[in-house]
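Down below is the structure, laid out as structure tokens.
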Amino acid sequence: MQTIKSIMSKYFNEISIEELIDCFERVKDNGDVGFIKFDGARMTNHYTVCITTPTLQWDMIRADESTLKVALIKVLAKYVEVKATA
């Protein structure tokens, strides 16, 4: 099984922010809830991306990162993993 870090390093330069947002839109299409927070008050990790669901019994998936792209990749990779085992 590939780790999130190996996926990120392999595809990071190839995937666009638009493609990641399209993937993030599928969270909504699945009936789940996702949000992106831009936090200018923080000195680091200005981007928070979260996914939660009203139907499954798992905690919120969350990433706080210095770039939106990294946060989206981390959260979406974990989301796919969780949904696959649900």
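Descriptive notes on the structure:
- Of the DSSP H helices in the chain, those whose Cα atoms cover at least 15 Å axially and whose Kyte score averages 0.0 or more: 68-85
- Over the chain: helical MRE at 222 nm, DSSP H runs n ≥ 4 each giving -39500 (n - 2.57), nearest 500: -14500 deg cm²/dmol
- Rounded to the nearest angstrom and listed largest first, the equivalent-ellipsoid semi-axes of the chain from its Cα gyration tensor are 20, 17, 12.
- Other residues lying with their Cβ under 14 Å from the Cβ of E19 contribute a combined charge of -2, Lys and Arg counting +1, Asp and Glu -1.
- Length-normalised contact order for the chain - Cα pairs under 8 Å, 6+ apart - percent: 24 percent
- In this Cβ point-charge picture (+1 for Lys and Arg, -1 for Asp and Glu), the chain has a dipole of about 240 debye about its Cα centre.
- Rounded accessible area per residue of segment 17-86, 1.4 Å, Å²: 62 Å²
- Per-peptide packing, taken as the mean over residues of other Cβ atoms within 10 Å, places 63-76, 42-55, 16-29 in the sequence 63-76, 42-55, 16-29 from highest down.
- Fraction of accessible area attributable to carbon and sulfur, the chain (%, probe 1.4 Å): 56 percent
The values are calculated or read from the model by the stated rules, or taken from the named source; none is laboratory data. Since we're looking at a predicted model, the values are computed, not measured. Heads up, the Cβs are rebuilt from the backbone with ideal geometry, glycines too, and the neighbour counts pull from every protein chain shown. These accessible areas exclude ligands, DNA and RNA; they are computed on the full protein's heavy atoms, side chains included. Shrake-Rupley method; radii C 1.70, N 1.55, O 1.52, S 1.80 Å.
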